[in-house]
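Where a number appears in this text, it was derived from the coordinates with a stated rule and is not lab data. Values in this document were obtained by computation on a predicted structure and should not be read as measured data. When we count neighbours, we look across all protein chains shown, and the Cβ atoms used for this are built from the backbone with ideal geometry, even at glycine.
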DNA sequence: CTGTTAGCGCATTCAC
DNA sequence: GTGAATGCGCTAACAG
């Protein structure tokens, strides 16, 4: 591997001139420029970015902490982050944490040790969980939730859940089951609030028996659906906290002889590509996953540049998409 | 940000001793060690890895080139790569190329400029497309295909496709349609060979009218299914080159009044998590996506270490998973 | 066991 | 427009 020194020798010029030829060619005479270029070509010289990073004390990379990369919602957010990082000439370091705090800590360490300049966290933070502030690490939480002290980009989960519930209620549903995420998941907490708010609004009493816990996977949705199908009077609608669980639940319900939506309506959350192709196609909340990623990255760069002003909380619009998995409440159930 | 020099001053020791305390504590007296630790604690010192990387001329990272990160197959492979990179203390740089050669080139550049030590390509290479060899870049192709000059980890696509086809033929199917990937996609080429081989074996003539081209997306599968449903005598089975297209096709066929598998059998390829939850559940080839990633990473590290011996082509076993989307050919069609 | 010294590759002074 | 000299933070070789 040739260095800038080799190039300078080959060109018969000083290191400084070669360096200038690379960064500010207008400050170098055409003649020298040509010789430098020839030398570079001949030696197949490539500047050692490791050295540049060291000198500038800037890694030109950001790390993205993701609980599980093989999750379509997250990977779409990452796509958005990549988009703007690419434009800024930044690399994206992938931190697949698998919900392990230890792994997460290791990736935060990358920023502390300057291997990355900043961090985007895709996992929603719990209020008490303050991994970041003890280190001076520039960070943004994408897909964040309310009441966190971190700069955050999110949608209004409470309102979105409430909107879905209002729609179900408007279709005549009164017994509406829910497949929640883990109880301490901040998204689960927010969406639960929307669920309860809509019930209260409609004068329907909250029934804990209608709530069952999943973990946002297909399997947990399938599993949870069993709880409902075994009830003497099953709910007529099921509000699922994400699309995977909704699709899993539909699978389970159908196998038990339920028709969706004739016997039971099912709603999701996220609007994965697969939601359209589910049978029946899923009524769901479309989160602007790509946009969330882009906005989070933009915010992070502003923070890094010190050019950010104003609020550090961005609430992006969601969209309620009505498809075929929801219908009027069956008459006999009233 | 404090440096090792600050720590040495604070501890009243030389820089070298501090450095040793960090890397080889057994070579430092307990007394000094304690003072170093105290100084580090007080100053909140963190070693600057940028400097270490520079000195060792090793970035301790690998880049993964992926055509589309929001694709479940790829993200599962990446998960596998992450697994072994993590163990080796390497970072994974994400290169979402979006099928753009320019973007791909930029990521290869990361290796040329030492920002990464090696590269794993998830896109299958065409025989003529030699992006890598002109640069001296250590690389492995995961999900590769036959006859490439690069170290590669793959499954036997020809045999897998042939096995699926044999199964369909054994069920009595004679008119078997295919939803292919883009014609010049190496995977498409290999799987097509398997398709044709099975037909030839069974004495069934190849009919180009039964082949339609998709691009591995859900939508293209849905779209392609229209081609078949409009035929005067549609095929009784459909071999799709991946699960997404199969799921899209099933959606399309059902909407046209076809029953799967009673009227038409459908098979996929990959065995995404969603394949189980499709209705009907998909008969498909299970690629060991995670394993492919792990093996590719292991191979890359061996190459980087110079400890690799023997073949640079690994063919991993696949599994043929029979679910409910396939059944006997309908009688009336014979 | 500890300290002094040199140098990794590059960009940037400051002279000329 | 150009070159010589300096230093970024760290480790390794050497000397004590």
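Of note:
- The set of residues in the range A:73-90 being part of a helix (DSSP H, G or I) and buried (at least 21 other Cβ atoms within 10 Å of the Cβ) consists of A:73, A:74, A:75, A:76, A:77, A:78, A:80, A:81, A:82, A:85.
- Number of residues in the range A:73-87 that are more than 19 Å from residue B:73 (Cβ to Cβ), at the interface with chain B (Cβ under 9 Å from one of its Cβ atoms) and in contact (Cβ under 8 Å) with a residue 12 or more places away in the chain equals 1.
- Residues of the range B:1-24 classified as within 7 Å of DNA strand D (Cβ to nearest atom) and assigned to a helix (DSSP H, G or I), total: 7
- Flag if residue A:38 is more than 30 Å from residue A:107 (Cβ to Cβ), away from DNA strand C (no atom under 12 Å from the Cβ), in contact (Cβ under 8 Å) with a residue 12 or more places away in the chain and surrounded by 18 or more Cβ atoms within 10 Å (Cβ to Cβ): no
- The set of residues in the range B:1-32 that are near DNA strand C (Cβ under 7 Å from one of its atoms) and either closer than 21 Å to residue A:110 by Cα or crowded, with 16+ Cβ neighbours inside 10 Å (or both) comprises B:13, B:17, B:20, B:28, B:32.
- Scan of the range B:91-103 for residues that are surrounded by fewer than 20 Cβ atoms within 10 Å (Cβ to Cβ) and more than 8 Å from every other protein chain (Cβ to nearest Cβ), ordered by number: B:98, B:99, B:100, B:101, B:102
- Residue in the range A:63-72 that is under 21 Å from residue B:106 (Cα atoms), within 12 Å of another protein chain (Cβ to nearest Cβ) and either away from DNA strand D (no atom under 16 Å from the Cβ) or surrounded by 13 or more Cβ atoms within 10 Å (Cβ to Cβ) (or both) present: yes
- When residues in the range B:237-256 are screened for being under 24 Å from the mean Cα position of the chain (by Cα) and either without any contact (Cβ under 8 Å) to a residue 12 or more places away in the chain or over 17 Å from residue B:273 (Cα atoms) (or both), 2 of them pass.
- Consider the range A:25-59 and keep the residues that are in a loop (DSSP other than H, G, I, E, B) and within 9 Å of DNA strand D (Cβ to nearest atom). The one that is farthest from the other protein chains (Cβ to nearest Cβ) is A:29.
- Those helices (runs of 4 or more DSSP H) of the range B:195-290 in which at least 3 residues are surrounded by 24 or more Cβ atoms within 10 Å (Cβ to Cβ), considering only elements entirely within it, cover B:218-229, B:243-255.
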